[in-house]
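First comes the structure, then the notes that go with it.
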Amino acid sequence: MAQRVLITAGAAGIGREFAHAFAANGARVFVCDIDERALARIGEEIPGLITRRCDLSLRSEIERMVPEAVAALGGLDVLINNGGIAGMTLPVEQYPPDDWDKVIAVNLTAMFDVTRLAIPHLKQSPAASIINMSSIAGRYGFPNRSPYAASKWGVIGFTKTLAMELGAWGIRANAIAPGAVAGERIERVFAGRAQLSGRSLEEVRAEAMAQQSIKGTIDPRDIAQLAVFLASDAAKSISGQVIPIDNDRQRA
Ligand SMILES: NC(=O)c1ccc[n+]([C@@H]2O[C@H](COP(=O)([O-])OP(=O)(O)OC[C@H]3O[C@@H](n4cnc5c(N)ncnc54)[C@H](O)[C@@H]3O)[C@@H](O)[C@H]2O)c1
């Protein structure tokens, strides 16, 4: 039977690559996102893809979205909690509390809500797994990005707890921790760092690369292939793990 896959915030970026990779692997895929235009675009790219608008910062929208996803897919085997926002680049003492709340809401609370609603359905699956997006920011401190780092460390605690709670039902839970992924987001991160420190974009980029064994950004398609593997039978003994895919970055 085709895998039934729910991907949050999957209309663009890494989530879009998840949708392409799972669909190419024969899965039935449901993608939610806040951006209706991006949803329309990806709907045209992937035949049979099911899309729906959902703002992950609103519990009421998540509570409507998850049952709809399960009904549309006819059950659920794979949950990919991909949704996550970067927040602002500011030190803690200047960080606006409202922005802190928003980052925690999308990166952590939405993951809790989507997952708690998905679990009863995952328990019905013959081979269920949950994949949560953490980050290099969930392995090290991240100056000037405090809610992002706190949320991504939180994702790891949540994932390890899920793995322990759900292993008895054969449900696996793992986290992926990417480093700098090629795309618009990392350019915004570098620009934010440059602005705050008064350094040039080139200096900021060079400093980031100096911390990596392999010099370069990560192809988001490689992250998608890692997720396909983690959700597959070949990974049936892997649970409760954090898998970095970060060009061997040693510090942040
Ligand atoms: N890009 C990176 O360098 C990087 C590195 C490590 C971890 N990550 C993590 O990977 C995940 C995906 O990152 P990305 O860079 O592809 O993201 P992105 O910034 O490209 O956004 C992906 C999607 O999220 C949607 N979105 C934003 N706010 C939303 C909301 N409130 N509700 C629903 N959808 C919303 C956007 O519309 C977009 O389609 C995130 O959890 C991120 O923290 C990214």
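Placing +1 on the Cβ of every Lys and Arg and -1 on the Cβ of every Asp and Glu, with no other charges, gives segment 1-77 a dipole of roughly 100 debye about its Cα centre. With contacts taken as Cα pairs under 8 Å at a separation of at least 6 residues, the chain carries a relative contact order of 19 percent. Packing order of peptides 176-183, 188-195, highest average first: 176-183, 188-195 (average count of other Cβ atoms within 10 Å over each peptide's residues).
For the pair ALA182 and ALA206, the difference between a 0.36 nm per residue extended length and the Cα-Cα distance amounts to 7.1 nm. Among TRP169, TRP153, TRP100, the residue with the largest mean-square fluctuation in a Gaussian network model of the chain, with springs joining Cα atoms closer than 10 Å, is TRP169. Stokes-Einstein diffusion for the chain, with the hydrodynamic radius set to the Kirkwood value over Cα pairs and evaluated at 10 °C in a medium of 1.306 mPa s, equals 87 µm²/s. Between ALA175 and ASN132, GLN241, VAL242, ILE243, the built amide H atoms are under 5 Å apart, and every one of these is 5 or more places off in sequence or on another chain. With charges only on Cβ, +1 for K and R and -1 for D and E, what is the dipole size of segment 33-94 about its Cα centre, in debye, rounded to 20? That gives a dipole near 80 debye. For segment 50-75, backbone nitrogen atoms closer than 14 Å to the point 7 Å from GLU36 Cα along Cα-to-C-beta are found at 52-55. In this structure, the amide hydrogen of ARG249, modeled 1.01 Å from its nitrogen in the peptide plane, lies closer than 5 angstrom to those of SER213, counting only residues at least 5 positions away or on a different chain. Here the sum of -39500 (n - 2.57) over DSSP H runs of 4 or more residues, divided by the residues of the chain, equals -14000 deg cm²/dmol at 222 nm, to the nearest 500. With θ taken as phi - 60° and the Karplus curve 6.51 cos²θ - 1.76 cosθ + 1.60 applied, the whole-hertz 3J(HN,Hα) list for segment 209-221 is 5, 4, 8, 10, 5, 9, 7, x, 9, 8, 6, x, 5 Hz, x standing for glycine and proline. Structure note, pairs LYS123/LYS160; LYS102/LYS123; LYS215/LYS236: Cα-Cα distances above 25 angstrom occur for LYS102/LYS123; LYS215/LYS236.
Between ARG37, ARG59, ARG221, the GNM of the chain built on Cα springs shorter than 10 angstrom shows ARG37 fluctuating the most.
No value in this document is a laboratory result; all are computed from the given coordinates. Quick caveat, the model's predicted, so the values are computed rather than measured. Neighbour counts run over all protein chains shown; Cβ positions are idealised from the backbone, glycine included.
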